[in-house]
Number of protein chains: 4
Amino acid sequence: MSAIPVGLVGVTGYTGMELARILSNHNKMKLVRVTSRAEAGKKLADIYPFLNGMELGALEITMPEVDDLEKSCELVFLAVPHKTAMNIGGQLFDRGIKVVDLSADFRIRDRKTYEEWYKVDHTREDLLPKAVYGLPEFYRDQVKGASLVANPGCYPTSVIIGLTPALAENLVETTDIVIDAKSGASGAGRGANVGTLFCEVADSFRAYGLTSHRHTPEIEQELSVVAEESITVSFNTHLLPIDRGILSTIYTKVKDGVTAQEIRAAYAKAYDNEKLIRVLPEGQLPETRWVRGTMFCDVGVVPDPRTGRLIIVTAIDNVCRGASGQAVANANLMLGFNEREGLALAPMMP
Amino acid sequence: MSAIPVGLVGVTGYTGMELARILSNHNKMKLVRVTSRAEAGKKLADIYPFLNGMELGALEITMPEVDDLEKSCELVFLAVPHKTAMNIGGQLFDRGIKVVDLSADFRIRDRKTYEEWYKVDHTREDLLPKAVYGLPEFYRDQVKGASLVANPGCYPTSVIIGLTPALAENLVETTDIVIDAKSGASGAGRGANVGTLFCEVADSFRAYGLTSHRHTPEIEQELSVVAEESITVSFNTHLLPIDRGILSTIYTKVKDGVTAQEIRAAYAKAYDNEKLIRVLPEGQLPETRWVRGTMFCDVGVVPDPRTGRLIIVTAIDNVCRGASGQAVANANLMLGFNEREGLALAPMMP
Amino acid sequence: MSAIPVGLVGVTGYTGMELARILSNHNKMKLVRVTSRAEAGKKLADIYPFLNGMELGALEITMPEVDDLEKSCELVFLAVPHKTAMNIGGQLFDRGIKVVDLSADFRIRDRKTYEEWYKVDHTREDLLPKAVYGLPEFYRDQVKGASLVANPGCYPTSVIIGLTPALAENLVETTDIVIDAKSGASGAGRGANVGTLFCEVADSFRAYGLTSHRHTPEIEQELSVVAEESITVSFNTHLLPIDRGILSTIYTKVKDGVTAQEIRAAYAKAYDNEKLIRVLPEGQLPETRWVRGTMFCDVGVVPDPRTGRLIIVTAIDNVCRGASGQAVANANLMLGFNEREGLALAPMMP
Amino acid sequence: MSAIPVGLVGVTGYTGMELARILSNHNKMKLVRVTSRAEAGKKLADIYPFLNGMELGALEITMPEVDDLEKSCELVFLAVPHKTAMNIGGQLFDRGIKVVDLSADFRIRDRKTYEEWYKVDHTREDLLPKAVYGLPEFYRDQVKGASLVANPGCYPTSVIIGLTPALAENLVETTDIVIDAKSGASGAGRGANVGTLFCEVADSFRAYGLTSHRHTPEIEQELSVVAEESITVSFNTHLLPIDRGILSTIYTKVKDGVTAQEIRAAYAKAYDNEKLIRVLPEGQLPETRWVRGTMFCDVGVVPDPRTGRLIIVTAIDNVCRGASGQAVANANLMLGFNEREGLALAPMMP
């Protein structure tokens, strides 16, 4: 069987780069279209010199034309800003092209909530019920049958994986969840911006999105599904002087009578059969480098009897697991491949 | 008036380096003794090349001898590990030499608590009531009259300054405090250690001291004083790939009926007259670089009505404000100088 | 005597920040005007949060008006791009205001050379003979009497200090000089630019200005003065993933019969009386951190008999010694102060 | 065909880690033995947490026993210090086990030169003529038939690839070669060492091995083979604050009459058919990140008519191309596989 032709709309950012990295070693999908209004006409290696001498580097960047994408691709990845994604993703869906959207446009099931946090009108409310939230461990079967997948946000991926077992098994209070999340600078994108210059980020650390990060409703939506009640969380973000990686430290209050053994059992039950989620042995805690360049989500589980809390720490690579790698996993499922096809990536250390 | 002669016991670590940096520009204290068992006989510039060509660089490193320190110094800074500090600090105190101890040995007023967390016997319990906890903003008058000052830990400095106004004014619940603290690698010291090699720390981030960091009892002790009740906190630490800096994100629950205005008023009242604590304008959040190399503690105050929480973010330079700079401030007070003598340091940016 | 009022035109970049840092602790100059077209109306602390709570932070940013600068300042620092500097610097000079220009506009004595490398017309050729090249160690007396000082480039500072003794004493071939220079990212300025984003610079290293860097003619001009013959050098630059610092490795061929002793003697003779240039002891080599935040230029001298070469390594802080600190040293001289007034900065380590 | 069983002696360093990373995705070799005196008895994932949940992570670390290695492996990689490698490598060779030695012990063909630079006696001089220098592009056929391959040093790999076309085609002077090389901190190994602590390396840059680096004789040996005359080079090294990567800037004098076209033609001729060496288009220069995690060697060729020089810049990943990846390429050849089996690695960016 020859490889399935796929496209990428929006090729200039870090998620585009990462998709190119992954697909350059994927045997069952072939990237045949890459688009960018700003860079059309160039070869991919002109803007991504790491592709010099690789087959993908010779691919020409084109303008994003729906007709052309329809003709040439079976599935299209969207790595464009929200609102733009809604528009082009909607058109592709209408023409029967499978879509994995890396923006937030189809993640929030409630239109009003979306519009409140993202400050734009949603013009394709009709697609919201059709979009599947692409966290494979929790929505595997739905993704397989989906034509439109909303690829999860990077922070939500790290938080939802971390909290699901505790909430699903009813081990922690739902009213007292605090998430202290830290992300590498690639999460801020590749736009020219004083705030993410090397000299503004290196050898420093800052809080930046306290109480108001747009990933909050996405996290609350998914945790509420798990807990079967409406959950409000305190979600707060910080900027790390690293390229890749998110580490989320999640603070919860343990319900009366719940033991450390029960907690560890819940995480084992949830994830022992999941190849890409690694619940660490007692005494080990996640580090972003141990998942660098991969789909792994490492989970540390730390009950604290002294304070009656359960602390959960998760680490992911925000560009791979938190964006493009997860998009490929979803595409694999949508196209009938093994979920981890092309994603057997070993961490790069150091 | 000629400068007061002072000594430094333990010269090989980062706190020793920082003390040398600060004292090289201090007009009223003169460093006349620096000791190290391992480096005795060398010039200070041999082990700190940054002192090449500076007067201090020519100072010879000697063995730590109490007799010699007694004869040559009016005040001695101790930058040695706990237990060692207790011993030499006790002897110097007995001979009437003023001591600023940068270790934990005299910070914890309760001997049993100390022994439990530090796993050593305390052999100078007699000095515990005489030692003053050297956080100048809160113990200024006591420090002025003290002969033995326990210089605060780096993390506790950042946390106590952050929480004091909220607790003193009774604005937040005392039973629900979570501290997510992050420190640069200098906090781990200058010992040869695989875990703090460049390739183990750079481009990565990790949690390392969840629920069990030794600074916990120090934080709880001081917060309990402020709140006038016994407080237990969830204190958790992470390692940042930066040289210097601690940023603590502190999560509290606001008491019913307390408004954002009251909260901001409490912080203004507490710190408006403090030159070295800067409560940031609304909308600004602390970054470690803005305090780099200085005594400033920056405080961001973020009420979150949506979740009923108050988030406080503080940033300090762990080596300066969190160790050697604060030690010099304490020494200034003990010797009758202006608290900020030699400490008018502007942040280095970038 | 009250402090001399000085101004700063162009306040938004790293050199402006550094000037603010230095002048915030300068007793004899007072910064009374800071200008920026983009930021006029704000307080300085609004754009430089590190100045929160410091006197300088309250200074209002104004539009750059020559009339106003003339009335309010005795000396003005220009931290604006070349060409702009020529214009406003020329006007200030005409009105009798002392000027320290941090741009390249008055560094190159030969108009044609300037125009060739900088690709703009020089409109104030009349001032070229009046401008003094502000490398204090070599032009101290001229700077004292100057009204217009061309503050040297960062790379040229590191190279000229490194090569002068060898060339002045006729120890190396003038036809075979190769300079491999490496600079931290602050040298690229604070403009929004994809190429200097954190994720483009961190954990990477690149050559960027081989054979064609604009500092080449400045280096050749000054070395030719020293050697008393026209010198062409191969000058090549690289971008380091650090905030501050330049390290230049300079390769020369030793003339026949010249010994290592003669070489070391030449460097001792040249710099033993210079407080801000430190020729390192044999066996020590410069590191950028040992000069961080200071005016020091560290010089390592490594004769290599095996290859008949002399390698000279220099390290400076590009923002301090390579720009704003040196500008203050020049201003000190122009205003009759001690050259190192306000510049007794100890290196920050780590 | 089932995978060939291979072993790794010396598992605790960065080259061991990298070999584990690469072999975890290699279909034709299976790592069945990993040894370490210090860590024997542990699982590989205990010391390399990045292998948690991967098959290789469960492999038990054993003591290095030649009998056991002989029985279990067809080929053994040696990642132990020089001298140790000579001993165990010799024994394995004697028993007919294929060996890829990552140390320097079999790289230098002349025993005396080896002993002079490495300060130890060579006890297996008999094997020197049998060892093949494993730079695949130049010794591919010999490696295929070899039982003992001396895997090249990291710096030499970057330098020899850079200079070979110019020397082979007689385009540059052989008497005037200067190499300014810069390496990431992983090159210094994973031993506990103050000099490579995060706070000693981060935000700094230093020269460290001027005129005397042990890779000098290896470079001179191989360049002399290419040039067919004895070549002496000035080879000098610096420490970069990055994890991985070497960038070498190589300065040569162009022979009279040689044109830029001839130079570019020579590099094209040499490398156009080599998949893992990428001569960059004019105007592009190497960056270490574009080769991160891969076997690529990027080569920038910059003729400089103004100074009569040719500057060649190369970038490699020192841990992959400069060590373990190249070792796998050699093992592939020795075992009859495609040279790039398991090495189709796309660069990780950012």
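Exactly one condition in (1) crowded, with 24+ Cβ neighbours inside 10 Å; (2) within 11 Å of chain C (Cβ to nearest Cβ); (3) not in a loop (DSSP other than H, G, I, E, B) is not met by D:Arg244; state its number.
Tallying (1) crowded, with 24+ Cβ neighbours inside 10 Å; (2) within 11 Å of chain C (Cβ to nearest Cβ); (3) not in a loop (DSSP other than H, G, I, E, B), D:Arg244 fails exactly one: (3).
Within the stretch A:58-84, work out how many residues are over 19 Å from A:Leu128 (Cα atoms) and in a strand (DSSP E or B).
3
Assess whether B:Gly293 counts as being surrounded by fewer than 22 Cβ atoms within 10 Å (Cβ to Cβ) and either at positive phi or in the same structural domain as B:Ile97 (by TED's automatic domain parsing) (or both).
no
Quick check: is even one residue across the stretch C:114-125 of a type outside the set (A, V, I, L, M), part of a helix (DSSP H, G or I), closer than 14 Å to C:Ala331 by Cα and touching a helix residue (DSSP H, G or I) at 6+ places or on another chain (Cβ under 7 Å)?
no
Any residue in the stretch C:290-298 that is facing another protein chain (nearest Cβ under 7 Å) and part of a helix (DSSP H, G or I)?
yes
Could you grab me the full set of residues in the stretch A:14-23 that are in contact with a helix residue (DSSP H, G or I) (Cβ under 6 Å, 6 or more places away or on another chain) and more than 10 Å from chain D (Cβ to nearest Cβ)?
Passing the criteria: A:Thr15, A:Leu19.
So which residues in the stretch D:24-44 are at the interface with another protein chain (Cβ under 10 Å from one of its Cβ atoms) and buried (at least 22 other Cβ atoms within 10 Å of the Cβ)?
none
C:Leu19: in contact with a Leu (Cβ under 8 Å, 6 or more places away or on another chain) and without any contact (Cβ under 8 Å) to a residue 60 or more places away in the chain, yes or no?
So C:Leu19 does not fit the description; no.
Residue by residue, here is whether (1) closer than 29 Å to C:Glu169 by Cβ; (2) buried (at least 24 other Cβ atoms within 10 Å of the Cβ); (3) small (Gly, Ala, Ser) holds:
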residue: C:Pro305; (1), (2), (3): yes, no, no
residue: C:Ile316; (1), (2), (3): yes, yes, no
residue: C:Met334; (1), (2), (3): no, no, no
residue: C:Ala344; (1), (2), (3): no, no, yes
residue: C:Met349; (1), (2), (3): no, yes, no
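So, in the stretch D:45-61, of the ones that are in contact with a helix residue (DSSP H, G or I) (Cβ under 7 Å, 6 or more places away or on another chain) and of a type outside the set (Gly, Ala, Ser), which residue ends up farthest from the other protein chains (Cβ to nearest Cβ)?
By that ranking, first place goes to D:Ile61.
Does any residue of the stretch B:139-162 turn out to be more than 22 Å from the chain's Cα centre (by Cα) and either of a type outside the set (Ser, Thr, Tyr) or in a strand (DSSP E or B) (or both)?
No: zero hits.
Considering only residues of the stretch A:170-188 that are in contact with a Lys or Arg (Cβ under 8 Å, 6 or more places away or on another chain) and part of a loop (DSSP other than H, G, I, E, B), which is surrounded by the most Cβ atoms within 10 Å (Cβ to Cβ)?
Applying the filter and picking the extreme gives A:Gly184.
What number of residues in the stretch C:37-53 are at negative phi and assigned to a loop (DSSP other than H, G, I, E, B)?
Count: 7.
When you look at C:Thr307, is it out of contact with any Asp or Glu (no Cβ under 8 Å at 6 or more places or on another chain) and at the interface with another protein chain (Cβ under 10 Å from one of its Cβ atoms), yes or no?
For C:Thr307, the condition - out of contact with any Asp or Glu (no Cβ under 8 Å at 6 or more places or on another chain) and at the interface with another protein chain (Cβ under 10 Å from one of its Cβ atoms) - is met.
Is it the case that the stretch B:229-249 has a residue that's in contact with a Leu (Cβ under 6 Å, 6 or more places away or on another chain), hydrophobic (A, V, I, L, M, F, W, C) and under 24 Å from A:Pro303 (Cβ atoms)?
Yes, some residue in the stretch B:229-249 is in contact with a Leu (Cβ under 6 Å, 6 or more places away or on another chain), hydrophobic (A, V, I, L, M, F, W, C) and under 24 Å from A:Pro303 (Cβ atoms).
Hey, any hits in the stretch C:322-336 for a residue that's touching a Cys at 6+ places or on another chain (Cβ under 8 Å) and at the interface with another protein chain (Cβ under 7 Å from one of its Cβ atoms)?
No; the residues of the stretch C:322-336 include none that is touching a Cys at 6+ places or on another chain (Cβ under 8 Å) and at the interface with another protein chain (Cβ under 7 Å from one of its Cβ atoms).
Can you run down the residue pairs with Cβ atoms below 8 Å, 6 or more apart or on separate chains, where the first is in the stretch C:300-316 and without any contact (Cβ under 8 Å) to a residue 60 or more places away in the chain and the partner is charged (D, E, K, R) and in a strand (DSSP E or B)?
Partner pairs satisfying both residue conditions: C:Pro303/C:Arg309; C:Gly308/C:Lys253; C:Arg309/C:Lys253.
Would you confirm whether any residue within the stretch B:337-345 is modelled with pLDDT of 95 or more, of a type in the set (Phe, Trp, Tyr), over 19 Å from the mean Cα position of the chain (by Cα) and part of a loop (DSSP other than H, G, I, E, B)?
yes
Please go through the stretch D:301-314 and pick out each residue that is farther than 16 Å from D:Ala265 by Cβ, in contact with a Leu (Cβ under 9 Å, 6 or more places away or on another chain) and not polar (S, T, N, Q).
Correct list: D:Asp304, D:Ile311, D:Val313.
Please work out if A:Thr288 is modelled with pLDDT of 95 or more and closer than 28 Å to A:Asp101 by Cβ.
In short, yes.
If you go through the stretch A:83-114, how many residues are under 12 Å from A:Ser147 (Cβ atoms), surrounded by fewer than 16 Cβ atoms within 10 Å (Cβ to Cβ) and touching a residue at least 24 places away in the same chain (Cβ under 8 Å)?
The total comes to 2.
Scan the stretch A:189-199 residue by residue and report those that are more than 7 Å from chain B (Cβ to nearest Cβ) and buried (at least 24 other Cβ atoms within 10 Å of the Cβ).
A:Leu197, A:Phe198
Residues checked against (1) closer than 30 Å to B:Ile47 by Cβ; (2) out of contact with any strand residue (DSSP E or B) (no Cβ under 6 Å at 6 or more places or on another chain); (3) among the β-branched types (Val, Ile, Thr):
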site: C:Asp243; (1), (2), (3): yes, yes, no
site: C:Ala268; (1), (2), (3): yes, yes, no
site: C:Leu280; (1), (2), (3): yes, no, no
site: C:Met295; (1), (2), (3): yes, yes, no
site: C:Leu310; (1), (2), (3): yes, no, no
site: C:Leu333; (1), (2), (3): no, yes, no
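Looking only at the stretch D:11-21, filter to residues that are closer than 12 Å to D:Arg190 by Cα and crowded, with 24+ Cβ neighbours inside 10 Å; which one of those is nearest to the chain's Cα centre (by Cα)?
Within the stretch D:11-21, the match that is nearest to the chain's Cα centre (by Cα) is D:Thr15.
Just checking, how many residues over the stretch C:211-236 are assigned to a loop (DSSP other than H, G, I, E, B) and either away from chain D (no Cβ under 12 Å) or crowded, with 19+ Cβ neighbours inside 10 Å (or both)?
Counting residues in the stretch C:211-236 that are assigned to a loop (DSSP other than H, G, I, E, B) and either away from chain D (no Cβ under 12 Å) or crowded, with 19+ Cβ neighbours inside 10 Å (or both) gives 8.
Scan (1) more than 27 Å from D:Phe198 (Cβ to Cβ); (2) touching a strand residue (DSSP E or B) at 6+ places or on another chain (Cβ under 8 Å); (3) assigned to a helix (DSSP H, G or I) for the single condition B:Asn87 breaks and write down its number.
Checking B:Asn87 against (1) more than 27 Å from D:Phe198 (Cβ to Cβ); (2) touching a strand residue (DSSP E or B) at 6+ places or on another chain (Cβ under 8 Å); (3) assigned to a helix (DSSP H, G or I), the one that fails is (2).
The values are calculated or read from the model by the stated rules, or taken from the named source; none is laboratory data. Model, not experiment: these values are computed from the prediction. Neighbour counts run over all protein chains shown; Cβ positions are idealised from the backbone, glycine included.
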